[in-house]
Every structure is written in structure tokens, then in C-alpha cells.
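The values are calculated or read from the model by the stated rules, or taken from the named source; none is laboratory data. Every value quoted in this text rests on a predicted model; they were computed, and no experiment measured them. A quick note on method: Cβ atoms are made from the backbone with ideal geometry, for glycine too, and the neighbour counts reach across all protein chains shown. Each accessible area value is taken on the protein alone, full model and side chains, heavy atoms only, with ligands, DNA and RNA left out. Shrake-Rupley method; radii C 1.70, N 1.55, O 1.52, S 1.80 Å.
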Amino acid sequence: MSGFDENPFGEPTVDNPFADPAIQQVTTNTSNAQRGLEDYNPFADQGEQRPTAVRGAANPPQYQTMPTMPIAQPAIMQPTQEAPPPPYTKSGQQQQPQQQQQQQQFTTAEFQRRQEELERKAQELARREEELKNAPYNARRNNWPPLPEKFCFQPCFYQDINVDIPLEFQKIVRLLYYLWMFHACVMVLNVFGGMTLMINSADFTTFGLAILYLILFTPFSFLCWYRPAYKAFRSDSSFNFMVFFFVFFFQFMVTVIQTIGIPGSGTCGMLIAIKSFDGSAGGITVGIIILIIALCFGSAACMDLLLLSKIHRIYRSTGASFAKAQQEFTTEFLRNEHVQNAATNAAAATIRAQMSSSRY
């Protein structure tokens, strides 16, 4: 009977609902949880782990003021560890990663190695070219004029401007070669003009002489002034320069005469073109053809003069002189095998003649 009031007829005692020990415990835990949220640091050391209390009768779950809504625990975010961006240079650009830098260094080293290899090859090529130039017997195969292999005639000269001629003189030598080709084409046109004169006015003299000039002047101009110029620039020979100047000046004078076109000289020049304009339809056509050929002769003469003056300036700038040309001529003349054989034969013949005369 101890659980009942001692005095059931006394004044009822009003109980305080908040005096219940369970309610006081819930209130205390709620205030502690709120205080824990205010002091919670999400960036604290993750290594520290608080012991988890076992829920049970001694440790009931925590509730807010409303008994049906549990307290939501704060979400804990794991800090992410990202790689820092590459540092910036002073110019404001990002530095390349280490792999790209290594690749760039490898590319630079490879480029330097290839450049050194090309330089070595160029030096070796220059050395071989010098050996070929100084060799007593030229082992290079002749390639000019360019003829088929099965042709009855074979090339007589070796010509390679890119190999034989120094780089600073290759342009002028090519201009000389093109000028020689232009002279050859004008001589062919001269033959065509002589044919038109022969058909229109029965001028057989001009046509015959034009064919003769084509056969003679074309190869002799190549041998007498182009090849000496080629040899002069190839080996810096004063003697070959002198030969070129003498023959090429004569070529210039002949081209001027061909431009004038003296009747009966075998060239279609200005005088013959004027004479061909006789008023007839055929005469006007022939006159125009002859005039075009005369203008071609005049253009060739102008180019002859320009190249002659330019090559003379180059020759004078090298410090060459006529005395040097004489010295080279004497040296080359005495070194020539054919000259030495001829001199030996002449000396032997003289000795034999003296010995035979002394017997008698």
C-alpha cells in the first residue's frame, strides 16, 4: 500500500509536468545538441573520431520539442584535394608542364643535331667539288649538248652551273647562257626571214648567208665567248676573262651590224625591212617580219653591251690585271700536255737535224 497516498482524502497535490526526470533529460540533451552545432567545425581534423554512443535505455535518441521529429545531424563534407594550377610566369602565361618542356627540349636538340649533320654534308660536298676541280683528269661525264644516249654524237662538255660556279656568280653565268640561246634563236629567225625574202623578191643571197651564219656563229659563239666566261667564273681565271672580253666585244659589233641590215650581208636588219615595204600586200607582210627580226638583233646587241659592262666591273673589282692574265697564260701553256709533247718533238727533231748535219 506504499504506492498509494497516505491521505486519500487530503487536498490533491498538483504535479509539475516538467519535474518528470525523462522530460528534464530530453531538454538537457537538446540544449547540448544546439550548443554542439554552434561549436562544430567542419574543417577540423578528420582523424579525430568521437566514440559513438550506443542507443538504448540508458541513452535514448535525442528529439526536439516535437517528439515526432528527430534532430537532423549536420552533413560532414570531406575536403577535396585538387592539384594546384601551374604557376604563372611574369608575362602572364602559364608555364608548360614538365612533359611539354621535355618534349620541347628534345625537339630543339633534334633540330640542332640535324642542322649540324646538314652542315657536315655541305662541307663534305664542297670538299669533293674542290677535289674534282683540282683533279688532273676530270672524272665527270660530259652532259652538254644534251643528246640522247643512242645518238651518233655524244656530249662534248660538262656544264653544271650549280656545282661549278660560285653562288655569287651563278646568276650572271645563267644570264650569259640565256643570251647565247637568244642569239641562236635570232639566227634561226634570220633564216626564216631570208626564206621570206627569197619567196617574195627572189633574194637567194640573204637566205644562203643566213643558213651559213646559223651553222657557223651558233657553235663558235658558244666556244669562243660563253665557255671562256664559264671557265673564268669557275676558276677565277684572268686569261679566260681576257679571251671573253675580246671575243664578246667582237660579238657585240657583229650584232650591231646585223641590226642595221646592210643589203647583201645575209642578215635581216632595218635597211632591208624598210626596203621591203614597197606598198604591196606581200611587201608589207614581209617588211613586218623583217622588222621584227631586226628588233630582235637590236635587243641582243643591247643585252650584249649590258652584260659586257657588268662582267667588266666584276672583273675589275677582283683586282685582276693584264699582267696576271699573261702569267696564267704562260703557266697554263707550259703545263699543257700537248704543248709539252710538241716542244719535245720539236727539240728532238732539231737535235737529229744537227747530228745529221755534223756527220756530213
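Return the residue satisfying two criteria in turn: it lies in the stretch 222-257 and is of a type in the set (S, T, N, Q) and open to solvent by less than 10 Å² (accessible area, probe 1.4 Å), and of such residues it is modelled with the highest pLDDT. Looking at residues that are of a type in the set (S, T, N, Q) and open to solvent by less than 10 Å² (accessible area, probe 1.4 Å), I get Thr255.
What number of residues in the stretch 127-150 are surrounded by 10 or more Cβ atoms within 10 Å (Cβ to Cβ) and at pLDDT 80 or above? Residues meeting the conditions: 5. Within the stretch 146-176, being free of Cβ contacts under 8 Å to residues at least 12 places away in the same chain and either assigned to a loop (DSSP other than H, G, I, E, B) or of a type in the set (Val, Ile, Thr) (or both) holds for Pro146, Leu147, Pro148, Glu149, Lys150, Phe151, Cys152, Phe153. Looking only at residues in the stretch 195-247 that are in contact with a helix residue (DSSP H, G or I) (Cβ under 9 Å, 6 or more places away or on another chain) and not in a helix (DSSP H, G or I), which one is nearest to Phe157 (Cα to Cα)? By that ranking, first place goes to Ser237. For the stretch 177-208, residues that are open to solvent by less than 50 Å² (accessible area, probe 1.4 Å), free of Cβ contacts under 8 Å to residues at least 60 places away in the same chain and under 14 Å from Phe297 (Cα atoms) total 4. Look at the stretch 263-292: where a residue is under 12 Å from Thr206 (Cβ atoms) and in contact (Cβ under 8 Å) with a residue 12 or more places away in the chain, no partner that is among the aromatic types (Phe, Trp, Tyr) and outside any helix (DSSP H, G or I) sits 6+ places away or on another chain with Cβ atoms under 6 Å.
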